[in-house]
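The values are calculated or read from the model by the stated rules, or taken from the named source; none is laboratory data. This structure is a prediction, so every number in the text was calculated from the model and none was measured. Every residue, glycine as well, gets a Cβ built from its backbone with ideal geometry; the counts of neighbours run over all protein chains shown. Accessible surface is based on the protein model in full, side chains and every heavy atom, while ligands, DNA and RNA are left aside. Shrake-Rupley method; radii C 1.70, N 1.55, O 1.52, S 1.80 Å.
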Amino acid sequence: QVQLVESGGGLVQPGGSLRLSCAASGSIRRFVAMGWYRQAPGKQRELVASITSGGIPIYADSVKGRFTISRVNAKNTVYLQMNSLKPEDTAVYYCKLQGVAYTSWGQGTQVTVSS
């Protein structure tokens with residue numbers, strides 16, 4: 001079983017920055033990708049950014065040029081650096097680890113962008 005622990009959410013003003021962290025522990029086997037999803041009130045959960053086991057990043061169009069995903073393999077940790085935040089980025093952000101035959105989700109961390 002894989003556990004994911006997220007941290008780094010909070011309240012920030014428009015134009016500000018936050019960095020989210022997601023640390024994975026447990027029986028991590030045949031890891032495919034780790035990534036971040038978000039869900040705003042009344043909306044479906046959507047992909048924000050993901051990074052494959054080979055280090056290839058994928059971004060939603062809405063965050064390209066503003067967000068950067070990175071991974072430290074030795075720590076089984078993935079980061080999401082979020083810059084130039086906008087009110088529409090407000091959501092609960094979830095970390096996801098995709099294995100070959102399993103999927104694990106974190107508990108979510110709230111990001112609120114407001115003046």
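Here the chain exposes an accessible surface that is 49 percent carbon and sulfur, computed with a 1.4 Å probe and the other protein chains kept in place.
Could you work out the relative contact order of the range 29-107? I mean the mean sequence separation of Cα pairs under 8 Å and 6+ apart, divided by the number of residues, in percent.
Details: 134 pairs, mean separation 27.6, N = 79.
Once normalised by length, the contact order is 35 percent.
Scaled to the globular estimate 2.2 N^0.38 Å, the Cα spread of the chain, given as radius of gyration, is 1.01. Here the Karplus curve 6.51 cos²θ - 1.76 cosθ + 1.60, taken at θ = phi - 60°, turns the phi angles of the range 50-60 into couplings of 9, 9, 7, 4, x, x, 8, x, 10, 10, 5 Hz, with x standing for Gly and Pro. Placing a label point 7 Å from the Cα of Ala23 along the Cα-to-Cβ line, the residues of the range 56-93 whose backbone N sits under 12 Å from it are 75-78. The lysines whose alpha-carbon is closer than 24 Å to the alpha-carbon of Lys64, local same-chain residues fewer than 8 away aside, are Lys43, Lys86, Lys96.
Protein heavy-atom accessible surface, 1.4 Å probe, per residue over the chain: 53 Å². Here the 3J(HN,Hα) profile of the range 22-39, calculated from phi with Karplus coefficients 6.51, -1.76 and 1.60 at θ = phi - 60°, is 9, 9, 9, 9, x, 8, 8, 10, 6, 5, 9, 7, 10, x, 10, 10, 9, 9 Hz, Gly and Pro shown as x.
Where nothing but the Cβ of Lys and Arg (+1) and of Asp and Glu (-1) is charged, how large is the charge dipole of the chain around its Cα centre, in debye to the nearest 20? Working shown, then result.
Working: 12 positive and 5 negative charges, 50 e Å.
Charge dipole of the chain: 240 debye, to the nearest 20.
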